[in-house]
Amino acid sequence: MILELIEKHHLSPDQCYMVGDKLIDAEAGRNAGILSAIVRGHAHPDFPSFKTLLEFAQSLKK
C-alpha cells in the first residue's frame, strides 16, 4: 500500500517518512524503502524515536 501511494502521488521515496507508534509501523516503512520513525511508542535502536509528533516535525527542520 505504501508503494502504491508513492507511485500514485509521484513521490520521491527518499523524501517520505513512515511515522507510527509501533515498531511494525516503522518496519513497514523500512520495507517500502522510506525513512521511518516511532512516535509515542517504545524506542527501538533501529529507528529514531520521538515523544511527540511535534518533536518529530521539528527534527525535520534541522
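Values quoted throughout were computed directly from the atomic coordinates according to the rules given, and no laboratory measurement underlies them. Predicted model, so just to flag it, every value in this text is computed and none were measured. Every residue, glycine among them, receives a Cβ derived from its backbone with ideal geometry; neighbour counts consider all protein chains shown.
Key figures for this structure:
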quantity: So Asp21, is it surrounded by 12 or more Cβ atoms within 10 Å (Cβ to Cβ), acidic (Asp, Glu) and in contact with a Ser or Thr (Cβ under 8 Å, 6 or more places away or on another chain); calculated: no
quantity: Residues located in the range 24-53, provided they are loosely packed, with under 14 Cβ neighbours inside 10 Å and either touching a Phe, Trp or Tyr at 6+ places or on another chain (Cβ under 7 Å) or among the polar types (S, T, N, Q) (or both); calculated: Asn31, Thr52
